[in-house]
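All of the numbers you see were taken from the coordinates with simple rules; none came from a lab. What you see is a predicted model, and the numbers here were worked out from it, not measured in a lab. Here the Cβ positions follow ideal geometry from the backbone for every residue, glycine too, while neighbour counts run over all protein chains shown.
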Amino acid sequence: MTLRMPPETDRVQGRTVLTLMGSQTLGGIGVASGLAVGAIVAADVSGNDALSGLATTTQVLGGALFTIPVVALMARFGRRLGLVTAYLTGGLGALLAITATATGQFWLLLVGTTLFGASTTAGNQARYAATDLSPTERRGRHLSWVVWATTVGSVLGPNLIGPGQRVAAVLGIPPLAGAWVLSMAGFGLAALVLVALLRPDPLLLARRLAADEAAGPDPEPVPDPLGPSDPLGAPDPLGAPDPLGAPDPVSGSPAATARGGSIVEGLRLIRVTPAALWGTVALTVGHVVMVAVMVMTPLHMRHGQAEIEVIGLVISLHILGMYGLSPVVGQLVDRWGATRVVLLGTAILVLSCALAAISTDGHSGTLTAALILLGLGWSCTMVAGSGTIAGAVPVPVRAAVQGAADLVMGLSAAAGGALAGVVMDRFGFDVLAVVSGLTALALSALTVARRRVVSLGG
């Protein structure tokens, strides 16, 4: 969907992308810090390696389920309030995880990691916020820059396990719980950046511009959206409403606002919109494969007596693979198209799973290479799939469709993470990697088939 933007909007978009990149960097520290210790803490607290995957699984599940209220907030009040709420919820989850680690209560740990997953919702929805005001020809790049910004925080996060242990010693809590203290700090700072700088709200402004375009030329001059920064609660420039006040549906109808924020409506639109359906399948399958292998890697390494710092380094390199080359992936999406980039991503995922399958317990160069490639393949499917979804539907229902796609992705990955623990416990890490590779290969076959159908239809 192409939307003509006034010249001033380019400046708003530039500031929006920079703000989102800042919040993603800080939030990435929080997510990666908790992710690096989740499986190990779950195994220690539960006393059962087969349950180790539940910490990450519940985090992924929480990220999926919290998409529903966060998207509803965004549809009614804009991106800012939804993103801030998600980060604060993630901080609460980190606090509960600390308490559970200190008291040895496994059920409380799972509650905490579920709430912690809301921070993932924030990160996922931030990539879509980068496309609200983006021209079609630059959508892939803008989305990928925000994805890339997670690199700094996410690579740094797992390597803060050591400093986190020192923080834990000062606070008198178990050593690994220190990682979640750093998570709380990262989420809090990310929320502050969004409250202060994500102005005007990109989704509300995009809706306003879409409504103005539908209504025809506006004789009134468009004010400079880079005027004085509005305090919390003041109206956004260009007539966008207060994100803590009344909604801004394109039609002006309350019913339209509710419909635009409904996950059910988003799922229906995905089902009847071929491009959105394929984009959802692409990002979902890529995410499931990545989660299934990644969540069991720390345990696979621990079985080989790898030190916790080495595990953190490998996870950091994996996250670097996920985000480090995302701007290149975004450029490829804009130049080659999403289909070719997804095919590239699935080929990389298959290679990654093959290397993981032949890796030995503990630390090895083969496993490290597999995890880096796993992240790169994920980046291809995520950026290409997300960009396809963002451009497949009109602005008024965009948040609902994007939220529904992330819900499907998150629930599927949560199921995959849970099954990964069972498969590894019964059959081993090598079998898990082979099954994951075959899943990626299935996405490749589906994409080739779709490409042929589209070509014949053209």
Within region 291-311, backbone nitrogen closer than 20 Å to the virtual label 7 Å beyond the Cα of residue 361 toward Cβ
293-311
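How big is D for region 287-382, in µm² s⁻¹ as a whole number, if Stokes-Einstein is applied with the Kirkwood radius of its Cα pairs at 4 °C and 1.567 mPa s?
97 µm²/s
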What does the extension gain come out to for residue 268 and residue 10, with contour length at 0.36 nm per residue minus their alpha carbon separation?
89.7 nm
For region 296-311, take each phi angle, set θ = phi - 60°, evaluate the Karplus expression 6.51 cos²θ - 1.76 cosθ + 1.60, and give the result in whole Hz per residue in order, putting x for glycine and proline.
9, 4, x, 5, 4, 6, 5, 4, x, 6, 5, 6, 4, 5, 5, 4
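Mean residue ellipticity at 222 nm from the helices of the chain, using -39,500 (n - 2.57) per DSSP H segment of n ≥ 4 over the full residue count, to the nearest 500 deg cm²/dmol? Working shown, then result.
Values: 19 runs with 355 residues, N = 458.
Taking each H run of at least 4 residues, the total per residue is -26500 deg cm²/dmol.
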Tensor-based shape of region 116-184 (alpha-carbon gyration tensor, a/c under 1.5 rounded, otherwise prolate or oblate):
prolate
Backbone HN-Hα couplings from phi across region 437-447 [Karplus 6.51/-1.76/1.60, Hz, Gly and Pro as x]
x, 5, 5, 5, 5, 5, 5, 4, 5, 5, 5
What is the helix-to-structure angle for 398-427, meaning the angle in degrees between its Cα long axis and the longest Cα principal axis of the chain, kept from 0 to 90 and rounded to the nearest 10?
10 degrees
Which order do the peptides 24-30, 398-404 come out in when sorted by mean C-beta neighbours inside 10 angstrom, highest first?
398-404, 24-30
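What percent does the relative contact order of the chain come to when contacts are Cα pairs within less than 8 Å and at least six residues apart?
24 percent
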Taking only the alpha-carbon atoms of region 344-434, what semi-axes of the equivalent ellipsoid follow from 5 times the gyration tensor eigenvalues under a square root, in whole Å, largest first?
31, 16, 8
If I model a spin label at residue 347 and residue 452 as a point 7 Å from the Cα along the Cα→Cβ vector, what separation in nanometres do I get?
1.8 nm
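Let me know the shape class of region 26-169, please: from the alpha-carbon gyration tensor, a ≥ b ≥ c as square roots of the eigenvalues, rounded when a/c is under 1.5, otherwise prolate if a/b is greater than b/c, or oblate.
Details: a/c = 2.39, a/b = 1.73, b/c = 1.38.
Prolate, since a/c reaches 1.5 and a/b exceeds b/c.
Between residue 441 and residue 107, what FRET efficiency comes out of the Förster formula 1/(1 + (r/R0)^6) with R0 = 45 Å and r the beta carbon distance, rounded to 0.05? The partial results should precede the final answer.
Details: r = 38 Å, r/R0 = 0.84.
E(calc), rounded to 0.05, equals 0.75.
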Which order do the peptides 413-420, 119-126 take when ranked by the mean count of other beta-carbon atoms within 10 Å per residue, highest first?
119-126, 413-420
Along region 192-203, Karplus-curve 3J(HN,Hα) (6.51, -1.76, 1.60; θ = phi - 60°) to the nearest Hz, with x for Gly and Pro, reads 4, 4, 5, 4, 7, 10, 7, 9, x, 5, x, 5
Highest mean packing first, using Cβ neighbours within 10 angstrom, the peptides 90-96, 293-299 sort as 293-299, 90-96
